[in-house]
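Since the structure comes first, as structure tokens, the remarks are kept for the end.
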Ligand code: ATP
Ligand code: MG
């Protein structure tokens, strides 16, 4: 029976493995192959004098990245990966790979990101790329478990919608029979409506679509958002949930992904400690004013340059809290004592923003007033406003970008590295 390459040890005695031909080396009397699957790499050694005709014929014909089945005796050997090698009695080519390869899987020639993404199926054979997606999968598992254990209800809200969440211009229009429709930029309005349904704690992990003409290393046009909404809790409460989630996710990856972290060269993977510092928006602006050249003043958004200098000063994850009401969405709750600031926050990694959240406005009339103040028409939000007239509890929530979480966790230089098939202004295929 075949076993994963990562589980083959000298104690296995004999083993059958399947995988891709990672490398081929011929040393006269001996032929060496490295065979790779998603769990590891094993050396296959063929002593030409002792091997069967069939094994020799297959070994001679096979090309790199062909799919093979190999079975034989496992022997301990110091110099091979994992301290063992396989001496085959069977060497079967399941499917031959063409050459030349569009992309070098062994990474001797570093390819640029575009070439890699064009041949993503080959790129993802690289152990360090496989590792990113195995870790992403483990992180998502940890996140689902975290919410399940805390009694959250997992929901799915529509991605085809009639109106913008924030009335912005950043939507992809789509053809929907005879109506105007869009791809949703966020589950915001729907997750809030489920508070009126009495669901109390909901989360959704799903795609968000932003038609922004960004060309940065941290923006995608299709991203994955981890969203929560919780009733009878304020902004402090949901910030606690968020920092606990971050710590839990890092810890799970730390405890379960050592092989993948090693493949990525993350030898000093550190789990952050909660609570994260809370930095007032006004203090964040003051730091930026001292450290960046371009002018920035109270009331401005915190751009990338400011994010970086503030992040360098903070050193680890932190929150920016108490934002001017004017620069946050209409659904963020203003402070009673000073409505010019609101109960909104951003979770920051030293490199960039990871999440945005707030305590929400739950009073119908205040919400209508805030929608108007943003220059939007409350009538186009009727479906959203209606639940606020029929028993909407106080609530709060946030949205966390999954790709940015993985990107910052693993020190990836581009957010596109954290998505299998990124969508950006120039990339629609594959
Ligand atoms: P930024 O200011 O960095 O563009 P944002 O404030 O517009 O982000 P939000 O609307 O607050 O983003 O979305 C919540 C989270 O979703 C962000 O903190 C981020 O992690 C993620 N996110 C939003 N837009 C994108 C995008 N275009 N690409 C990747 N992740 C995104
Ligand atoms: Mg934001």
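The values are calculated or read from the model by the stated rules, or taken from the named source; none is laboratory data. Here the structure is a predicted model, which is why all the values come from computation and not from measurement. All Cβ positions, even for glycine, are placed from backbone atoms using ideal geometry, and neighbour counts span all protein chains on display.
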Task: Matching residues in segment 69-110 - criterion: being in a loop (DSSP other than H, G, I, E, B) and more than 34 Å from the chain's Cα centre (by Cα) - done: 77, 78, 79
Open item on the list: Exactly one of these conditions fails for residue 378: (1) touching a helix residue (DSSP H, G or I) at 6+ places or on another chain (Cβ under 6 Å); (2) touching a residue at least 12 places away in the same chain (Cβ under 8 Å); (3) farther than 21 Å from residue 314 by Cβ. Give me its number.
Closed with: (2)
Open item on the list: Of all residues being more than 7 Å from ligand 1 (Cβ to nearest atom) and at pLDDT 95 or above in segment 215-229, which is surrounded by the fewest Cβ atoms within 10 Å (Cβ to Cβ)? Just the residue, please.
Closed with: 216
TODO: Return yes or no: is residue 273 exposed (fewer than 12 other Cβ atoms within 10 Å of the Cβ) and within 23 Å of the chain's Cα centre (by Cα)?
DONE: yes
TODO: Identify all residues within segment 184-200 that are more than 20 Å from the chain's Cα centre (by Cα) and buried (at least 16 other Cβ atoms within 10 Å of the Cβ); write none if there are none.
DONE: 189, 190, 191, 192, 193, 194, 195, 196, 199, 200
Task: Matching residues, segment 308-357, being over 23 Å from residue 165 (Cβ atoms) and under 22 Å from the mean Cα position of the chain (by Cα) - done: 308, 311, 315, 316, 317, 318, 349, 350, 351
TODO: For segment 1-60, please list each of the strands (runs of 3 or more DSSP E) lying entirely inside it that holds at least 2 residues being over 30 Å from the mean Cα position of the chain (by Cα) and farther than 12 Å from residue 88 by Cβ.
DONE: 14-27, 30-37
- [ ] Filter segment 146-181 down to residues that are without any contact (Cβ under 8 Å) to a residue 12 or more places away in the chain and more than 25 Å from residue 330 (Cβ to Cβ) and give me whichever is farthest from the chain's Cα centre (by Cα).
- [x] 178
Task: Flag for residue 330 being within 15 Å of ligand 2 (Cβ to nearest atom), within 20 Å of residue 229 (Cβ to Cβ) and touching a helix residue (DSSP H, G or I) at 6+ places or on another chain (Cβ under 8 Å) - done: yes
TODO: Kindly indicate the residue of segment 333-347 that is free of Cβ contacts under 8 Å to residues at least 60 places away in the same chain and closer than 19 Å to residue 371 by Cα and also nearest to ligand 2 (Cβ to nearest atom) among those meeting that condition.
DONE: 342
Task: Every residue from segment 74-106 that is over 19 Å from residue 64 (Cα atoms) and in contact (Cβ under 8 Å) with a residue 60 or more places away in the chain - done: 74, 75, 76, 82, 83, 84
Open item on the list: Against the condition in contact (Cβ under 8 Å) with a residue 24 or more places away in the chain, farther than 24 Å from residue 262 by Cβ and in a helix (DSSP H, G or I), how does residue 132 come out, does it pass?
Closed with: no
